[in-house]
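Student: Okay, handing you the structure first.
The values are calculated or read from the model by the stated rules, or taken from the named source; none is laboratory data. Everything numeric in this text was worked out from a predicted model, so none of it was measured. Positions of Cβ are backbone-derived with ideal geometry, glycine not excepted, and every protein chain shown enters the neighbour counts.
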Amino acid sequence: MKLSFFLICSSLLIQIQAATFNVTNYGAVADDKTDNTAAFTKCMDAIIAAGGGKMLIPEGVYQGRIIIPPVSKPAPSWITVEIVGEGSPTPVFGTIGNFPLRDKGTILKCLDKIGSAVIKAEASKNSLYGGFSAVHVVIENLDVRTYDDPAIGGIDLHHAMQCRLENVFINTGIYNVQSAKPTHGTKGLVTPAINNAALTLLRNVAVTGYHTGIVVNEHTDGDHIILGSNIHGLDFATAHHASRFDRVSSMRNNNHITVTGKHGFSINQLNIENAGPGQTDANNEWQKLASDLNDPQNLGIGEITYWVVLGGVGAVEDFTSTGGAKIRARRIGEEP
């Protein structure tokens, strides 16, 4: 009996190890200068061929892009593709001062001037449904980094079926307070938009320095979300489904919450900090508040419980809305 149990455990261990694909075995080098895109592609191709698995990225700074190729028919259902860093990122963000980002943990950096995103799930021409790739994407313990005023996005999972992100820091390589105004319309994170079994889970995700922090599409559930110095923090796009966020910290965004499509949503605790008197200069003046809630076409239906702090002043009762006629917003402690 003990021998049989040992053999079963050994077999399971071998299966678990076989499902892990270390990028260094495919030629990736963490020297902050080698373009590892080809090595990442070889590793990802092996994962897809195996019917799913984990791309393990050891600690270090890796330049390059990760492309998740389309998974399509004749597959009977979708597969799981994991992209996992060995060490958790240090999400450096704030509301004042100037602090350099650390080169610790697993950092995926891309300095390309063209392209969609550092990590992208490609569309499928022979898909199971509507052009979407049959992949459930999991991303954990990763620092995704571009550059100030980036012309390339962070993570684009628009064409994935489902996704889960945990302990992910998407940034532009500069402390958010010092970031220049984003002019290229790029997004830090785009969630899956498929209208069939879509599900997005976000836990401990920080996005700073992009034109749009997170584009929220279908069935998104988020907690401990941080958005700093973006033109738009959360952008609720057309979904015709409901999304829910628990704790969202939003600071120095031009618009903290933007609605660009018909979307039902709730935010249980929206913690806002806006730049106060003397806390902006010529470079970051764009980070002054335009709207806490920006829904000019009154497309959203939702509920927000908020708390607003003005830097150097303290808690204030102000909550600025542009539109948002069908969104009920109340300060913490106020009656519904």
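Student: Which pairs do you get when a residue that is closer than 19 Å to S229 by Cα, found in the range 189-211, comes within reach of a residue that is aromatic (F, W, Y), reach meaning Cβ atoms under 7 angstrom, with the pair 6+ apart or on two chains?
Tutor: A206/F93; A206/F169; T208/F93
Student: Right, here's the next one. For N230, work out the one condition from (1) buried (at least 24 other Cβ atoms within 10 Å of the Cβ); (2) out of contact with any His (no Cβ under 8 Å at 6 or more places or on another chain); (3) more than 22 Å from Y62 (Cβ to Cβ) it doesn't fulfil.
Tutor: (2)
Student: Given the conditions (1) in contact with a helix residue (DSSP H, G or I) (Cβ under 9 Å, 6 or more places away or on another chain); (2) surrounded by fewer than 13 Cβ atoms within 10 Å (Cβ to Cβ), report the number of the one that Q287 does not fulfil.
Tutor: (2)
Student: I'd like to verify a number: residues in the range 188-207 that are assigned to a strand (DSSP E or B), crowded, with 24+ Cβ neighbours inside 10 Å and either among the charged types (D, E, K, R) or more than 10 Å from the chain's Cα centre (by Cα) (or both), how many?
Tutor: Number satisfying all stated conditions: 1.
Student: Let me ask you something else. Report whether or not L165 is more than 23 Å from I301 (Cβ to Cβ), touching a Leu at 6+ places or on another chain (Cβ under 7 Å), at pLDDT 95 or above and not hydroxyl-bearing (S, T, Y).
Tutor: So L165 passes the test.
Student: Right, another one. If you take the residues of the range 91-121 that are charged (D, E, K, R) and either under 25 Å from R203 (Cβ atoms) or in contact with a Cys (Cβ under 7 Å, 6 or more places away or on another chain) (or both), which of them is surrounded by the most Cβ atoms within 10 Å (Cβ to Cβ)?
Tutor: Restricting to residues being charged (D, E, K, R) and either under 25 Å from R203 (Cβ atoms) or in contact with a Cys (Cβ under 7 Å, 6 or more places away or on another chain) (or both), the top hit is K120.
Student: Considering each of H224, H256, H241 in turn, give the residue that is over 28 Å from D32 (Cβ atoms) and buried (at least 24 other Cβ atoms within 10 Å of the Cβ).
Tutor: Exactly one of H224, H256, H241 is over 28 Å from D32 (Cβ atoms) and buried (at least 24 other Cβ atoms within 10 Å of the Cβ), namely H256.
Student: Which of the following residues is surrounded by 12 or more Cβ atoms within 10 Å (Cβ to Cβ), among the aliphatic types (A, V, I, L, M) and more than 27 Å from the chain's Cα centre (by Cα): V316, V308?
Tutor: Checking each option against the conditions leaves just V316.
Student: Could you list, in sequence order, all residues of the range 122-157 that are modelled with pLDDT of 95 or more and of a type in the set (A, V, I, L, M)?
Tutor: The answer is V137, V138, I139, L142, V144, A151, I152, I155, L157.
Student: Let me ask something else. Please give the strands (runs of 3 or more DSSP E) falling wholly within the range 101-161 in which 2 or more residues are touching an Asp or Glu at 6+ places or on another chain (Cβ under 7 Å) and touching a residue at least 24 places away in the same chain (Cβ under 8 Å).
Tutor: Hits in the range 101-161: 106-109, 117-121, 135-145.
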